[in-house]
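This report refers to the structure that appears directly beneath it.
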Number of protein chains: 2
Amino acid sequence: METTSTTSTASADSCAGPPRQPRRPDGQDKYTISEVVTLTGLTAHTLRWYERIGLMPHIDRSHTGQRRYRNRDLDWLDLVGKLRLTGMPVADMVRYAELVREGDHTYAERFDLLKSTRDDVLSRIAELQDTLAVLDRKINFYADAGQALASERAS
Amino acid sequence: METTSTTSTASADSCAGPPRQPRRPDGQDKYTISEVVTLTGLTAHTLRWYERIGLMPHIDRSHTGQRRYRNRDLDWLDLVGKLRLTGMPVADMVRYAELVREGDHTYAERFDLLKSTRDDVLSRIAELQDTLAVLDRKINFYADAGQALASERAS
DNA sequence: TAAAACCTTGGAGTGGGCTCCAAGCAAGCG
DNA sequence: CGCTTGCTTGGAGCCCACTCCAAGGTTTTA
């Protein structure tokens, strides 16, 4: 049976920011898929799917065919996770992965891709700050309205 | 035949930031669906779909049954657009719309909803800034690598 | 050694957010 | 009057990013 992800990505705890993934034990360079699940917060399904669609580099296998992830694979997954947060489509990440696989002569193209991604991120940040301003105006409105209702009740 | 959106949302022009939607003509308070399409950048399909799922307030109709949007509807669509950029699920926006329809006694709940949305936005901004740092490190790496290749070619 | 836990595969299914279609009504124009 | 253009509806279809299933092989624990 498949281990259904216990480390839920969106936890509802009140304080303390994002639910940090457990840190990698150091000195280790071989992880089973379930270890990667706990380290990345992805599901095993998703990890295998990433591999099928060409988003992963070649993953080592044990002599019986089970995946054995290495630290560089985890580094890659970290990057993928970051890019995912920017809303970059998986297809674009696959493109980047292909460039990496193709070797050093794709440096320029990778550079361009990263730069335009960077620009996207900057404009998304700007959009969000814009939205923040709108939310703050509305929040103030409701705060005032709440005040008004309270004093009305008091009088 | 349906007017296929001419105002493409994602234009590829180089400068000048986001493709500003045309400003509303002032003094007007009745718009056909196609006017709203050009004002918001949404498609007519999407506007009708928003209505079906309960994301819109009641929209006036002409004597023949055609939609006539008013300025307050456009204001609402602006808000929806902002919230969409934050990644808020449409279902949550529908919830907010319901609260608005239910009247003044939902002020407190709306306030809470906006505040938690605000928190989400803040943490998304933080995530993006994190990602930006990663991208910058990689970009510097590739810039250096490009330099190295160039000087290699020169020698 | 036997049971429980974990891993493998290809392919099918899901949910969100649109996107489109067909068939038909309505308005403006030459 | 006929043509073009625009609007109406319910329902079907699409794309993305997973998510799960069945059927079987492997590894670990007791």
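Read-outs throughout are calculated quantities, based only on the coordinates presented, and are distinct from any laboratory measurement. Here the structure is a predicted model, which means the values were calculated and not measured. Cβ sites come from the backbone with ideal geometry, for glycine too, and all protein chains shown count toward neighbours.
Observations on the model:
- Exam field: residue A:141 pseudo-label spacings to other copies (7 Å along Cα-Cβ), nanometres: 4.6
- Share of Cα-Cα pairs in segment B:53-155 lying beyond 16 Å, as whole percent: 72
- Over the C-alpha trace of segment A:39-109, radius of gyration and Dmax come out as 12.6, 39 angstrom.
- Dipole check for segment A:103-155: with +1 at the C-beta of Lys and Arg, -1 at the C-beta of Asp and Glu, and the Cα centre as origin, the magnitude is about 220 Debye.
- Where chain A is carried onto chain B by rotation, the Cβ closest to that axis, with its residue and distance in Å, is A:125, 3.
- Amide H partners (placed H, <5 Å) of residue A:68, local residues excluded: A:60, A:61, A:62
- At R0 = 45 Å, FRET efficiency that the Cβ-Cβ distance of residue A:62 and residue B:84 yields, to 0.05: 0.50
- Checked against a 24 Å cut-off, the cross-linked pairs A:138/B:82; B:30/B:115; B:82/B:115 give Cα-Cα distances beyond that limit for B:30/B:115.
- Shown for A:111, B:141: other C-beta atoms within 10 Å of each C-beta, ranked fewest to most, produce the order B:141, A:111.
- Hydrodynamic analysis of segment A:103-155 uses the Kirkwood radius over alpha carbon pairs. Inserted into Stokes-Einstein at 25 °C and 0.890 mPa s, it gives a translational diffusion coefficient of 167 µm²/s.
- Across identical copies of the chain, residue A:60 has label-point separations of 7.1 nm, listed in ascending order, with the point defined 7 angstrom from Cα along Cα→Cβ.
- Label reach from residue A:94 (point 7 Å along Cα→C-beta): in segment A:43-57, amide nitrogens under 16 Å belong to A:46-57.
- Calculated FRET value between residue A:150 and residue B:144, using beta carbons and R₀ = 45 Å, to 0.05: 0.15
- Distance from segment A:114-150 to segment B:86-155 (C-alpha centre basis), Å: 11
- Distances from residue B:116 to itself in the other copies, using label points 7 Å out along the Cα-Cβ axis, amount to 3.8 nm in increasing order.
- The fewest-to-most ranking of B:102, B:51 by surrounding Cβ atoms within 10 Å reads B:102, B:51.
- Inter-chain Cβ neighbour count for B:125-134, averaged per residue, equals 6 (cutoff 10 Å, partner chain atoms only).
- Counting Cβ atoms of other protein chains within 10 Å of each Cβ in A:86-96 and taking the mean gives 1.
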